[in-house]
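Notes to accompany the following structure.
The values are calculated or read from the model by the stated rules, or taken from the named source; none is laboratory data. The model shown is predicted, which means the values in this text are computed figures rather than measured ones. Glycine also receives a Cβ, built like all others from the backbone with ideal geometry; neighbour counts cover every protein chain displayed.
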Amino acid sequence: MVDFRKLEALVALMESGNFSKAAEKIHLTQPTISGHIKALEVHWGLKLFDRHTRTVTPTRAGKVVYRYAQKLLLLYRELEKELAYFKGLKTGKLDLGGSTIPGQYILPYLITAFRKAYPGLSVFLKVGDTAEIIREVQRGTLEMGMVGDREEDPELIFKPCCEDQIVLIGPAEEDFSAPLELKDLLQFPFVGREAGSGTWRTVTRALYQAGLDPDRLRVVAEMGSTEAVKEAVKAGLGLAFVSFRSVEKELPDGRLRLIPIKDFSLKREFYLVFPAQRTLSPPAQTFLHFSQEI
């Protein structure tokens, strides 16, 4: 029988591309990862990876093993969740994802409160954009996520959990005391977000519904995080739409300013996303109920 930890090492190596990143991902040492891969190659009598100086490349056999290893590990996690109910566990770990705004400005505080209420439960938090978190929940590598936009997918449940307001910001030295008309946005350079961003999806959809084609915005740069967007705006690169949660503590220092837009207000829901058909583990069930109650 093949040890599941060895299969986990193979999946981590396949997805990260080198031994050091794979070791960091699943909290093992680099020699241990190498040993697990060697043991699998000996077990099947096949070479699974071609080693290079800094990277590894899967062989055709390695790709086949990876495909089945993903399925086996997912089934094994499902088995552990099902059995946990019979054991009545009060301990365990939740693999949780958060898109940029929830991951940076909501979930850290929620997890702290959750850990105080349930000290026996631990939480691993991964932060990415909305599309990435949804994809990992679909695959089963994350059990639950909090994201800023939803998708129509019958295999997923999107449960509203809290509200957010998206605002337009600019550098402090510019005078925006009078509200802008929506069409005035076309006169300014903009700092946007990557295509997978829930904030950017929400903004472009709202602008389109309000009668302004978002493709006409003069986007001069795209950033991979809200913090990068804010720094670009402070540097005078352009205006940007961001969550109010991300700037409410910075506005008093005078380096950013809110820019009002006439007859245009943008609110959205954050959602907890989890699989519709898979059984949630006790920690995930507990977190789901906790997040709805506070």
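Residues are listed down the side, and each one gets a yes or a no for (1) among the β-branched types (Val, Ile, Thr); (2) within 21 Å of residue 242 (Cβ to Cβ):
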position	(1), (2)
146	no, yes
150	no, yes
155	no, no
162	no, yes
167	yes, yes
172	no, yes
176	no, yes
181	no, yes
184	no, yes
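From the list 169, 101, pick out the single residue that is buried (at least 17 other Cβ atoms within 10 Å of the Cβ), touching a residue at least 40 places away in the same chain (Cβ under 8 Å), out of contact with any Gly (no Cβ under 7 Å at 6 or more places or on another chain) and more than 23 Å from residue 26 (Cβ to Cβ).
Numbers: 101 fails: out of contact with any Gly (no Cβ under 7 Å at 6 or more places or on another chain).
Among 169, 101, only 169 is buried (at least 17 other Cβ atoms within 10 Å of the Cβ), touching a residue at least 40 places away in the same chain (Cβ under 8 Å), out of contact with any Gly (no Cβ under 7 Å at 6 or more places or on another chain) and more than 23 Å from residue 26 (Cβ to Cβ).
Which strands (runs of 3 or more DSSP E) sit wholly inside region 192-294 and have at least 2 residues that are within 20 Å of the chain's Cα centre (by Cα)? Talk me through it step by step, then tell me what you get.
Working: elements: 218-223, 240-243, 256-258, 266-275.
In region 192-294, the matching strands (runs of 3 or more DSSP E) lie at 218-223, 240-243, 266-275.
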Tell me the residue from 198, 192, 238, 224 that is at pLDDT below 90 and crowded, with 16+ Cβ neighbours inside 10 Å, please. 198
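If the requirement is being closer than 29 Å to residue 270 by Cα and in contact with a strand residue (DSSP E or B) (Cβ under 9 Å, 6 or more places away or on another chain), which of these qualifies: 62, 17, 92?
92
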Could you tell me which numbered condition residue 62 fails, if it satisfies all but one of (1) without any contact (Cβ under 8 Å) to a residue 40 or more places away in the chain; (2) farther than 20 Å from residue 142 by Cβ? (1)
Any idea which of 154, 160 is touching a residue at least 24 places away in the same chain (Cβ under 8 Å) and in a loop (DSSP other than H, G, I, E, B)? 154
On the given criteria, is residue 93 at pLDDT 90 or above, of a type in the set (Lys, Arg) and in a strand (DSSP E or B)? no
Collect the residues in region 2-56 that are in a loop (DSSP other than H, G, I, E, B), over 22 Å from residue 142 (Cβ atoms) and within 29 Å of the chain's Cα centre (by Cα), keeping them in residue-number order. 18, 29, 54, 55
